[in-house]
Amino acid sequence: MLDKIKEIRQKVDSLQADSLEAIEALRIEYLSKKGLISSLFADFRLVPNDQKKEVGQLMNELKQLATQKINDLKLSLDEVQTADSGLDYTLPGAPVNLGSRHPISLIKNEIIDIFIRLGFNISEGPEIEDDWHVFSALNFPEEHPARDMQDTFFIQSNPDILLRTHTSSVQVRVMENNTPPIRTISPGRVFRNEAISARSHCIFHQVEGLYIDENVSFADLKQTLLYFAKEMFGHDTQIRLRPSYFPFTEPSAEMDISCTLCGGKGCNVCKYTGWLEILGCGMVDPNVLESNKIDKEKYTGFAFGMGVERIAMLRFGIKDIRLFFDNDIRFLSQFKAAH
Ligand code: DAH
């Protein structure tokens, strides 16, 4: 019996296996119910009583040794396989590249946030519009140059249908469907038949604003736009309003802000004037109120419209409008939330 134990022990010591199947075969050979070690236990009753203690101990040791050996073989096989696959499970994971918002969306959302704080809501209208909403209801005379084929993309089969040239068309839709008080901004895409250059594009974005109520004055317009300018360009920003002309406002003005680069001292961004033009505005022309069935005796209003690309170029110091439309990831990934 002792010899048998010794013999099995020597074999166990030198066990080798290079696959899971081989290890399993060894387990069956040595440790299963009918295996070599179990059969030793079956013969245990034949051991003379005075040797039982010693033999029993050796058998238990042998069983432990065999179990340990087979587990070790499994572990070392795992290591070999991991090394073979060339994978290093301790390496950190590959980073997931997150997308970033388009700079135009960032600025558009900022404009929206500013006016929402002032109690404006958001309205939208179609990009493919009709002459009434883009021109006629906004007091454009029949022969006004903005209707010219040069500026407007018309639908060939029906010149009454066109791509909107400004988001002022949404003013008309809001007035059709609401009664004052109206306080709304309309962000959206607009289209003009213009040559593409560093300064202009045939597609761009505008945000239109409209405020109609009793007793709305030019002072309200000025204060609203001053608040906007300070929120958008910083609290030291100053504004100035220059008289201008738009068919749908009377009086009309263009608003400049103090130069974002030199603060008004004069530099090549502001062409040494100290000022940068950023939007058009004015008091809603009574003809427009009338066209849209709003009582022009009772109500007054102001409106304004700005180009989102223009504001984004000033905020981010971008010199070429075409960059916004190229979708070059090296450009786009540079913009994080503004401020
Ligand atoms: N619609 C004008 C444009 O496209 C911008 C504008 C000027 C909008 C004056 C207005 C406004 O609402 O009052 O250039």
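The values are calculated or read from the model by the stated rules, or taken from the named source; none is laboratory data. These numbers were taken from a predicted model, which means no experiment stands behind them. All Cβ positions, even for glycine, are placed from backbone atoms using ideal geometry, and neighbour counts span all protein chains on display. Accessible surface areas use protein heavy atoms only, side chains included; no ligands, DNA or RNA. Shrake-Rupley method; radii C 1.70, N 1.55, O 1.52, S 1.80 Å.
Observations on the structure shown:
- Ordering Val47, Leu73, Gln10 by the projection of their Cα atoms onto the charge dipole of the range 2-85, which places +1 on the Cβ of Lys and Arg and -1 on the Cβ of Asp and Glu, puts Val47 at the extreme positive end.
- Calculated P(r) tail over 28 Å for the range 1-142, as whole % of Cα pairs: 60
- Unit charges on C-beta of K, R, D, E only; dipole of the range 2-85, Debye: 560
- Protection proxy ranking, peptides 259-272, 305-318, average beta carbon neighbours within 10 Å, highest first: 305-318, 259-272
- FRET efficiency for the Asp148 to Asp320 pair, using the beta carbon distance and R₀ = 35 Å, is estimated at 0.85.
- Options Gln334, Ile122, Gly93, ranked by Cα towards positive dipole end of the chain, top entry (Cβ charges): Gly93
- Rounded percent of accessible protein surface that carbon and sulfur make up, the range 192-339, 1.4 Å probe: 50
- Phi-based couplings in Hz for the range 62-74 (Karplus 6.51, -1.76, 1.60; Gly and Pro marked x): 4, 5, 4, 4, 5, 4, 4, 4, 5, 4, 4, 4, 4
- Legend: residue pairs Lys108/Lys271; Lys108/Lys298; Lys108/Lys293, Cα-Cα distance threshold 28 Å; pairs beyond threshold, Lys108/Lys298; Lys108/Lys293.
- When the inverse distances between all different Cα atoms of the chain are averaged and flipped, the Kirkwood radius reads 26.4 angstrom.
- 28 Å Cα-Cα reach of Lys53 towards lysines, excluding residues that sit fewer than 8 places from it in its own chain: Lys4, Lys6, Lys11, Lys33, Lys34, Lys63, Lys69
- Additional length obtainable on full extension of the chain from Ala25 to Leu65, 0.36 nm per residue less Cα span: 12.7 nm
- Qualifying trypsin sites (Lys or Arg not before Pro) for the range 30-62 [loop in DSSP, other Cβ within 10 Å: at most 13]: Lys33, Lys34
- Cys residues of the chain that find no other Cys beta carbon under 4.7 Å: Cys202, Cys281.
- For the pair Ala198 and Leu77, label points projected 7 Å from Cα toward Cβ lie 7.1 nm apart.
- Hz values of 3J(HN,Hα) by residue in the range 180-194 - Karplus curve (6.51, -1.76, 1.60), Gly and Pro given as x: x, x, 10, 9, 9, 10, 10, x, x, 8, 10, 9, 9, 7, 10
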